[in-house]
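The values are calculated or read from the model by the stated rules, or taken from the named source; none is laboratory data. Model, not experiment: these values are computed from the prediction. Note that we place each Cβ from the backbone using ideal geometry, even for glycine, and neighbour counts take in every protein chain shown. Please note that ligands, DNA and RNA were not included when accessible areas were found on the heavy atoms of the full protein model with its side chains. Shrake-Rupley method; radii C 1.70, N 1.55, O 1.52, S 1.80 Å.
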Amino acid sequence: MASEVEETLKRIEGQRGVVGTVVCNADGIPIRSSLDGVATAQYARLLRKLTVMAKSAVRDIDPQNDLTFLRLRSQKCEIMVGLENEFLVIVIQNLHQ
């Protein structure tokens, strides 16, 4: 299964405009990244906080619902966060490539 995950991440990283990927465990600790250490730590820490707040907001609206995907778009990039099986998969994509 690990090889399937690696293959999928390599395929994502090969897409046009993808700057990098980060995979974190449930505590927001990076376990795999294609970014440098500083960027990895920053994305992991900040997006973990944001997903916790977004997950709480979704549950406040509907207690039987749950957050599975979060997409942020700024002027420079798009950040996609998938929440699955106690992992966060973060993909950063440059919009201008």
- prompt: In the full protein assembly as shown, how much of Val58 is accessible to a 1.4 Å probe, in Å² to the nearest 10?
  reply: 40
- request: Tabulate in residue order the Karplus-calculated ³J(HN,Hα) for segment 43-50, using 6.51 cos²θ - 1.76 cosθ + 1.60 with θ = phi - 60°, rounded to whole Hz; enter x for Gly and Pro.
  value: 4, 4, 5, 6, 6, 5, 4, 5
query: How large is ³J(HN,Hα), in whole Hz, for each residue of segment 5-19 in order, when computed from phi with the Karplus curve 6.51 cos²θ - 1.76 cosθ + 1.60 and θ = phi - 60°, using x for Gly and Pro?
result: 5, 4, 4, 5, 5, 5, 5, 5, 5, x, 6, 4, x, 6, 7
field: By accessible area with a 1.4 Å probe, ligands and nucleic acids excluded, highest first: order of Ile31, Ile12
entry: Ile31, Ile12
For segment 23-33, 3J(HN,Hα) per residue [Karplus equation, 6.51 cos²θ - 1.76 cosθ + 1.60, θ = phi - 60°, Hz, x = Gly/Pro]: 10, 10, 7, 4, 8, x, 8, x, 10, 7, 7
field: Percent RCO, i.e. relative contact order, over the chain, from Cα pairs under 8 Å lying at least 6 residues apart
entry: 30
task: At 7 Å along the Cα-to-beta-carbon direction for both Gln15 and Ser74, put a label point, then send me their distance in nm to one decimal.
output: 1.9
query: Leaving out ligands, DNA and RNA, what percent of the accessible area of segment 1-91 is carbon and sulfur, probe 1.4 Å?
result: 54
message: For the chain, what does the helix formula give at 222 nm: sum of -39500 (n - 2.57) over DSSP H segments with n ≥ 4, over the residue count, nearest 500 deg cm²/dmol?
response: -13000 deg cm²/dmol
query: If you put +1 on each Lys and Arg Cβ and -1 on each Asp and Glu Cβ, how big is the dipole of segment 39-91 around its Cα centre, in Debye rounded to 20?
result: 320
message: Under a Cβ-only charge scheme (Lys and Arg +1, Asp and Glu -1), can you give me the dipole magnitude of the chain about the Cα centre, in debye to the nearest 20?
response: 400
- request: Could you work out how far apart the two model spin labels at Arg32 and Asp60 are, taking each label as a point 7 Å from the Cα in the direction of the beta carbon, and quote it in nm?
  value: 3.4
- request: Could you please state, rounded to a whole Å, how far the C-alpha centre of segment 75-89 is from the C-alpha centre of segment 7-32?
  value: 9
message: For Cα extents along the principal axes in Å, one of (i) 71, 17, 15; (ii) 37, 36, 23; (iii) 40, 27, 23 was computed from the structure I shared and the rest are decoys. Which label?
response: (ii)
Per residue accessible area of segment 17-97, 1.4 Å probe, in Å²: 64
